[in-house]
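Student: Before anything else, here's the structure in question.
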Amino acid sequence: MARIAGVNIPTNKRVMIALRYIHGIGPVNAVEICQKVGIPAERRVNQLSDAEVLQIREAIDRDYIVEGDLRRETAMNIKRLMDLGCYRGLRHRRGLPVHGQRTSTNARTRKGKSKPIAGKKK
């Protein structure tokens, strides 16, 4: 099992798919990394040599922000908005949708399970 950026990537999948298991690497970045290192698209992780795994690891470390650093940066950006007290920060603080979605219905992912209100029924 190859370990890249602190993540065990699955061995029986293609390299482009397996790289997506790393937080911060999506489809476009995975293809880009494979092209930089020179790995063909149909190559699987268990067919990679140690040198190729090392090249992938170095390319990711050099050019991309992934895993813990990316999570920390995102958390710091949200914390900055909350400290400023801007509209987006207030929405984050209250656990409501941030990007202008409606809240009278839906929005259950952000708001959580619905809470019953006493005396509401007529």
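The values are calculated or read from the model by the stated rules, or taken from the named source; none is laboratory data. Quantities reported herein were computed from a predicted structural model and do not represent experimental measurements. Cβ: placed from backbone, ideal geometry, glycine included. Neighbour counts: every protein chain shown. Accessible surface is based on the protein model in full, side chains and every heavy atom, while ligands, DNA and RNA are left aside. Shrake-Rupley method; radii C 1.70, N 1.55, O 1.52, S 1.80 Å.
Student: Within the stretch 58-99, which residues are modelled with pLDDT of 95 or more, open to solvent by less than 40 Å² (accessible area, probe 1.4 Å) and small (Gly, Ala, Ser)?
Tutor: Hit for the stretch 58-99 is Gly89, nothing else.
Student: Just the residues that are surrounded by fewer than 13 Cβ atoms within 10 Å (Cβ to Cβ) and of a type in the set (D, E, K, R), please, taken from the stretch 100-111.
Tutor: Residues satisfying the conditions are Arg102, Arg108.
Student: If a residue has to be open to solvent by 50 Å² or more (accessible area, probe 1.4 Å), closer than 21 Å to Arg71 by Cα and in contact with a helix residue (DSSP H, G or I) (Cβ under 6 Å, 6 or more places away or on another chain) to count, how many in the stretch 1-56 make the cut?
Tutor: 3
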